[in-house]
Each structure stands twice: as structure tokens, then as C-alpha cells.
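Colleague: I'd like to ask some things about the structure below.
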Amino acid sequence: MTANILAKVPRAWILLVSIGLIALNMRGPFVAVAPVVGPMQQDLGFSPVELGLLTGIPVLCFSLAAPLASFAGRKFGAEFAIMLTLLGVLAGVIVRSAGNGSLVLFGTAIIGLAITIGNIAVPLIIRRDFSPRRQGTAMGIYTAALNIGSTLTSVVTAPLAELAGWRLALGASGLFAVAAAVFWVMAAGRCAFVPAAVEASDRRPAGGRPASRWITAGLTAGFAGQAFSYYGVTAWLPTFLIDELGMAPSAAGAGSSLFQILAIVGGLGVPMVARFASTTAVAVTLGTMWLTVPLGLLLAPQLWWLWSSIGGAAQGGGITLIFIAIIKIARDQASAGRMSAIVQGVGYSVGAAAPTLLGYVHGLSGSWTNPMLLILGSVAAFFLGTTLSVRKVPKPADPPAAVVRHLSC
């Protein structure tokens, strides 16, 4: 009965659901650590530096392993690369949940490497398999699901840890990987298990146009500004609210939660708005919204809920817009993979430094003015880099087909 029902479901919908489920695995597994830091430190005897590595290692993998992930996508094909992502996340979650201190760190590294492959492969699937009119919608669902996964994991992990311990609570995130793998096999078929390199005819000729390099540089600057601002605000907004407004830690945590939740609105909203407005107008609007966070927190911190809401929507929409630009500007799959690897590799390197750098500057000055000015500068980089680059994003001119399949195996 179930098989007959599934057989009647259009493959486009199965693929779309698969992308959403895959995205739930792309941030949740390392966000899950924060609610159970105390029990983990008590059981494993971790130092503060080692605890920081539990969330820092995946972000470093996003940057350092991006070229390797791009190579894996070209060598094995996007379908097989995504299966590697899901199996890697599942393996890393199991190792991290069952091992001692060293294995916890090793499992975290496995998770980081696996997610890095997915960071590159999922946009390639969206670019290739969805028509230009549907690529924005698929990308919006993907980026929104990234934030849904992190928010859901953060909410569920602590209560589950109280009932069953931190190991089972962290291991529970592996269920998302299992569910995503089941749907991915339904969407990709045997291609999920068969490596298939990108064909030579699909690769860009050597020595691309100078304009392409400038666009890549602009998107890289925009993504770096986005990543620095995001990780900086995520790390320090609760502390800022405690210091500046005297809020209780639980209430201050609500500011960070609001910042994450509103990203779902931005991720889904950008593709809808882009149907009626130019990508340049969308970029200017998102940049202006992002600017309200550092400026608002400096000038009117009592309205933190407003700045968190506007900034949350801006950060969710910002990453969506940059990914849409990559998949629409690139000539082919291979060039899209290379561009994505450069943009994400450099961008996440800059973003990984944000919490430490902002904390260091705050410690030197004893106030939050200079850290907020740094965030203001990074938002300006997002504003300028993204706005100047997305002008080249072509308007979709294809018939409104839902999906076009090009299985590579």
C-alpha cells in the first residue's frame, strides 16, 4: 500500500522533501552540543578549549575542507556525495555519542567533514535538477530548513538529556540522517550508491572570463561578511544583553533564539520577493536590514527584540540570495562547484574567527562598542559584495516546469 502511494508522488516533490530533510542534518548535529555542555564537561573532564572545539571544528571543516568537498562532488557525482554526507553525519553522531573524550572530538570532525560535502553538493543538485523558475524556491526551502534543524535540535536536546543522558540526546540527531537517507534513495535511486564523475562536456573550459572572477570575489566578500556577522551575533548577543540591559541568562537566550527563528522567514521570503523585484533591490534591502543589528544594538539596545527579528530575517535571506546567485551565474556544474567552494571556504574561514576576535576586542576595551563596529564593518562587506555581484544574476526564462532530472549514473 505504502509503495503504491509513494509511486504516485511526483519525483519533484520527493526531491524537494529530501532536500529539506538533508538540510536538517547540516547544522543541528553540532548545535546540539550547546544545551548539554555541562553534563559533557562533567563526564569527560573537557577544558574550555576542548568544549569550544565541539562547535568550532565543524565550522573550520566548512572552510578548510571546502576544496576537498568540491573535488568529491566532481569525482563521485552529487547524488553519491550527498549519500556520503548523510552516512558521514550518522557515523559521526554515533562515534561522538558512544566514545570517550578523544572519540567525541573525532566524531565531531567526521560530522564537520560530512556536512562540508553536503554544503557543496546540495546547491549543485538544486542547480541541475530544478528549472530556473524553481531553483529559488528550492534554495529557500533548503536554507530555511537549515535554521529549522538547528532550532529544533536546540529545543529538544536539553529535555531529552534530562530523561536519558547527554549521549542519547546527541545520538538522537542521527535519526534525521536516517530519514533523509531513506528519502534520498527514493529521489536519486541507484545513483545514491554509484559514484559517477561529472562528464568532461559539463566542465568549464580553463581560464574563465575576468567578469566571472570579479563576481566570485564579490560573492566571497559578501559571504564572508554574512558569516562573520552571523557567528559573531550568535556567539555574543546573549552576553551583550546581560551586560547592557541586566537581563537574566534565560531571557537573554531568547534574543539569540529569535535571531535564529526569524531566519526561516528570510530564507523562504527571498525567493518569493525575487520573483517581483530585481536581485539588486533584494540585496540592498537585506543589507539595510542587516545594518539595523549593530546600529540598533549600539543606539537603542532596549529594542533588541526588533533588531533580532529584522537581523534574523536578513541573515536567513542573505545566505539564500548568495547561493541563488552562485547556481544561476555559474556556467555549468563544475564551475558552480568551484565557485561554491571558494565562496564558502573563504567565507567560513572568516566566520570561524568572529567569536574569538570579538571576544578579544571586548576584553581589551571593556565595552561592546568596538565589537559592534566590527560587526558593522562585516555587514558593510556583505552589503557591498553581494549588491555588486547579484546584478549579473539572470532572470529565469524557461517554462514553469517543476523539475528536470539529469541522473548522472
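The values are calculated or read from the model by the stated rules, or taken from the named source; none is laboratory data. Everything numeric here is computed off the predicted structure, so don't read it as measured data. Virtual Cβ from ideal backbone geometry, glycine too; neighbours counted across all protein chains shown. In case anyone asks, the SASA skips ligands and DNA or RNA and just uses the protein heavy atoms, side chains included. Shrake-Rupley method; radii C 1.70, N 1.55, O 1.52, S 1.80 Å.
Colleague: Using 7 Å Cα-to-Cβ label points, what is the residue 356/residue 217 separation (nm, one decimal)?
Modeller: Placing both labels 7 Å along Cα→Cβ, they lie 2.8 nm apart.
Colleague: Next question. Through the Karplus equation 6.51 cos²θ - 1.76 cosθ + 1.60, θ set to phi - 60°, convert the phi angles of segment 129-139 into ³J(HN,Hα) values in whole Hz; use x for Gly and Pro.
Modeller: Computed from phi, the couplings for segment 129-139 are 9, 9, 5, x, 6, 10, 4, x, 5, 4, 5 Hz.
Colleague: Still on this structure: Between residue 281 and residue 254, what's the calculated FRET efficiency when r is the beta-carbon distance and R0 is 45 Å? Round to 0.05.
Modeller: 0.90
Colleague: I would also like to ask the following. Could you give me the ³J(HN,Hα) list for segment 52-68, computed from phi with Karplus coefficients 6.51, -1.76, 1.60 and θ = phi - 60°, whole Hz, x at Gly and Pro?
Modeller: Along segment 52-68, the couplings run x, 5, 4, 9, x, 4, x, 5, 5, 4, 3, 8, 6, 9, 4, x, 5 Hz.
Colleague: So, one more: On a full-extension model of 0.36 nm per residue, what is the gain between residue 369 and residue 37, subtracting their alpha-carbon distance, rounded to one decimal in nm?
Modeller: 116.6 nm is the gain from fully extending residue 369 to residue 37.
Colleague: Quick one: net charge of residue 117's neighbours, Cβ under 14 Å, K/R +1, D/E -1?
Modeller: Summing Lys/Arg as +1 and Asp/Glu as -1 gives +1.
Colleague: Ok, one more. Based on the Cβ-Cβ distance of residue 103 and residue 155, what FRET efficiency does E = 1/(1 + (r/R0)^6) give at R0 = 41 Å, to the nearest 0.05?
Modeller: For R0 = 41 Å, the calculated efficiency reads 0.95.
Colleague: Taking every pair of distinct Cα atoms and averaging 1/r, then inverting, what Kirkwood hydrodynamic radius in Å comes out for segment 90-199?
Modeller: Result for segment 90-199 stands at 15.9 Å.
Colleague: Something else: As an exercise, find the ratio Rg/Rh for the chain from alpha-carbon atoms, using the Kirkwood inverse-distance average for Rh.
Modeller: Result for the chain is an Rg/Rh of 0.96.
Colleague: Per residue, how much accessible area does segment 1-154 show when a 1.4 Å probe rolls over the protein heavy atoms, in square angstrom?
Modeller: 37 Å²
Colleague: Hey, what did segment 53-177 get for relative contact order, percent, Cα under 8 Å, at least 6 apart?
Modeller: Worked out over segment 53-177, it gives 30 percent.
Colleague: Would you tell me the accessible area of residue 356, worked out with a 1.4 angstrom probe on the heavy atoms of the protein chains, in Å² to the nearest 10?
Modeller: Accessible area, nearest 10 Å²: 110 Å².
Colleague: When only Cα pairs under 8 Å and 6 or more residues apart are kept, what is the percent relative contact order across the chain?
Modeller: Relative contact order comes out at 27 percent.
Colleague: Shifting gears a bit: Express in nm, to one decimal, how much length is gained between residue 168 and residue 47 on full extension, taking 0.36 nm for each residue of separation and deducting their alpha carbon distance.
Modeller: 41.4 nm
Colleague: Could you report the accessible area of residue 75 in Å², rounded to 10, computed with a 1.4 Å probe on the protein chains as they sit in the structure?
Modeller: 110 Å²
Colleague: Let me ask something else. Could you give me the ³J(HN,Hα) list for segment 166-173, computed from phi with Karplus coefficients 6.51, -1.76, 1.60 and θ = phi - 60°, whole Hz, x at Gly and Pro?
Modeller: 3J(HN,Hα) across segment 166-173, in whole Hz: 5, 5, 5, 5, 5, x, 5, 5.
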